[in-house]
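Asker: Encoded as structure tokens, here's the structure I'll be asking about.
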Amino acid sequence: MLSHPQNGIFGMRNSGFSLIELLVALAIFAIISAIALPLYTAYTDRTYRSQAQSDLLNCAQALERFASNNFTYVGAADSDADGVPDAEDGPIATQICDPRSDDPASDRYTFALDAEPNTFVITATPQNAMAGDGILQYTNAGVRGWDRNGNDAIEADEQTWDE
């Protein structure tokens, strides 16, 4: 009697993947995923940081317009969350500047203003998914700061947004 071990029911040839082939494919997929996921996460973090930097510049322009009309930066913050400028320190009033990366849906940065009559510092503090990325700052003199080491202070070598 002739026997054909490769033939299945009705004389059709068995085809498909062996267990070893599937395990090799799974291992390759796992290795690629282990490499790609951290790269993707770093890419998205840079994107969110760039958006916050853009928001800082837009808010600085808005503060300059505010100071042109009021001859001071004081009063551009919002102390009672109604969007109206009424304080010198605190969140930036939404009537002056409404940062996109401060959106409650994304909730990645909070923006705060520390204003004096002739100077200001805007700070973007990372939170939730961006926590640990280091605060970003921009001053009226155009000084940019990024606390890369996460010690909550902008040191001399951190007065840039460059990576």
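Every number in this text was worked out from the coordinates using simple rules, so none of it is lab data. Here the structure is a predicted model, which means the values were calculated and not measured. Neighbour counts are summed over all protein chains in view; Cβ atoms, including those assigned to glycine, are modelled from backbone coordinates with ideal geometry.
Asker: Could you work out how far helix 19-70 tilts from the main Cα principal axis of the chain, as a 0 to 90 degree angle to the nearest 10?
Answerer: Orientation of helix 19-70: about 10 degrees from the principal axis.
Asker: Now a separate question. If you take the charge dipole of the chain about its Cα centre, with +1 on Lys and Arg Cβ and -1 on Asp and Glu Cβ, which of ALA87, GLN51, PHE17 is farthest toward its positive end?
Answerer: PHE17
Asker: While we're on this one: Can you compute the charge dipole magnitude of segment 74-150 about its Cα centre, using +1 on each Lys and Arg Cβ and -1 on each Asp and Glu Cβ, nothing else charged? Give it in debye, rounded to the nearest 20.
Answerer: For segment 74-150, the charge dipole is close to 480 debye.
Asker: For the chain, which span is the longest to avoid every loop-located (per DSSP) member of chymotrypsin sites (Phe, Trp or Tyr not before Pro) having at most 10 other Cβ atoms inside 10 Å?
Answerer: By the stated rule (loop sites, at most 10 other Cβ atoms within 10 Å), 72-163.
Asker: Choose one answer from GLY90, GLY145, GLY16: the residue with the largest mean-square fluctuation in a GNM of the chain with alpha-carbon springs under 10 Å.
Answerer: Among GLY90, GLY145, GLY16, the largest mean-square fluctuation in the Gaussian network model of the chain belongs to GLY16.
Asker: Follow-up. Taking segment 107-163 on its own, what percent of its Cα-Cα pair distances exceed 14 Å?
Answerer: Summing the P(r) tail past 14 Å for segment 107-163 gives 53 percent.
Asker: ASN58 to THR110: FRET efficiency via 1/(1 + (r/R0)^6), r the Cβ-Cβ distance, R0 25 Å, to the nearest 0.05?
Answerer: For ASN58 and THR110, the calculated efficiency is 0.95.
Asker: I want to verify a result. In a Gaussian network model of the chain, Cα cutoff 10 Å, which of these has the top mean-square fluctuation: ILE135, ILE32, ILE20?
Answerer: With Cα springs under 10 Å in the chain, the top fluctuation among ILE135, ILE32, ILE20 is at ILE20.
Asker: As a check on your grasp of the helix formula, calculate [θ] at 222 nm for the chain: sum -39500 (n - 2.57) over DSSP H runs of n ≥ 4, divide by the residue count, round to the nearest 500.
Answerer: Dividing the helical sum by the residues of the chain leaves -12000 deg cm²/dmol.
Asker: Choose one answer from ALA93, ALA129, ALA36: the residue with the largest mean-square fluctuation in a GNM of the chain with alpha-carbon springs under 10 Å.
Answerer: ALA36
Asker: How large is the dipole of the chain about the Cα centre if only Lys and Arg carry +1 and Asp and Glu carry -1, each at its Cβ, rounded to the nearest 20 debye?
Answerer: Working: 8 positive and 24 negative charges, 274 e Å.
Computed charge dipole of the chain: roughly 1320 debye.
Asker: Sticking with this structure for a sec: Rg to Rh for the chain: what is it, with Cα atoms only and Rh by Kirkwood?
Answerer: Rg/Rh for the chain comes to 1.43.
Asker: OK, next. Taking the simple approach of a point 7 Å from Cα along Cα-to-Cβ for both ALA27 and TYR40, what is their distance in nm?
Answerer: Here the answer is 2.4 nm between the modelled labels.
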